[in-house]
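Chemist: Supplied in structure tokens, the structure appears directly below.
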Amino acid sequence: MYTDPYSINNKPIILKQWSPDFDFGSEFLSEIPLWVTFPKLPLNCWGMGSLSRIASAIGVPLFADECTTKQTRISYARMLIEVNVTKEIPQQIAVMDPSGETFTQQVVLEWRP
């Protein structure tokens, strides 16, 4: 069964286990999962290894959506990536495809914190 992380209007809902010493005032999340799309990503970059390396330029790849893994929608690849929101998130990245060619890939966040 396919499940997404919890979200409302593509904004992540972060759930943490409660502890007696939890303090809302001092709690600050610097890394959150964000859905990121890679429009017009060449099909030779759609393998899980390639997608993982591309996503790693932005943060920690968590997983790809079902349409990306099954390649049922090829206009863009979509991945959930844990991103450090205290750092600038790139709008484009340099990617080397499996044949060794380098190209610039656009990065689109579905929601920008």
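The values are calculated or read from the model by the stated rules, or taken from the named source; none is laboratory data. Keep in mind that what you see is a predicted model, and the values were worked out from it rather than measured. Note that each Cβ is placed from the backbone with ideal geometry, even for glycine, and that neighbours are counted across all protein chains shown.
Chemist: Could you tell me whether any residue of the stretch 56-68 is closer than 21 Å to Arg112 by Cα, surrounded by 16 or more Cβ atoms within 10 Å (Cβ to Cβ), aliphatic (A, V, I, L, M) and modelled with pLDDT of 95 or more?
Modeler: Checked the stretch 56-68: at least one residue is closer than 21 Å to Arg112 by Cα, surrounded by 16 or more Cβ atoms within 10 Å (Cβ to Cβ), aliphatic (A, V, I, L, M) and modelled with pLDDT of 95 or more.
Chemist: What about Thr69, is it over 16 Å from Leu34 (Cβ atoms), free of Cβ contacts under 8 Å to residues at least 40 places away in the same chain, hydroxyl-bearing (Ser, Thr, Tyr) and in a helix (DSSP H, G or I)? Write out each step before concluding.
Modeler: Values: over 16 Å from Leu34 (Cβ atoms): yes; free of Cβ contacts under 8 Å to residues at least 40 places away in the same chain: yes; hydroxyl-bearing (Ser, Thr, Tyr): yes; in a helix (DSSP H, G or I): yes.
Answer is yes for this residue.
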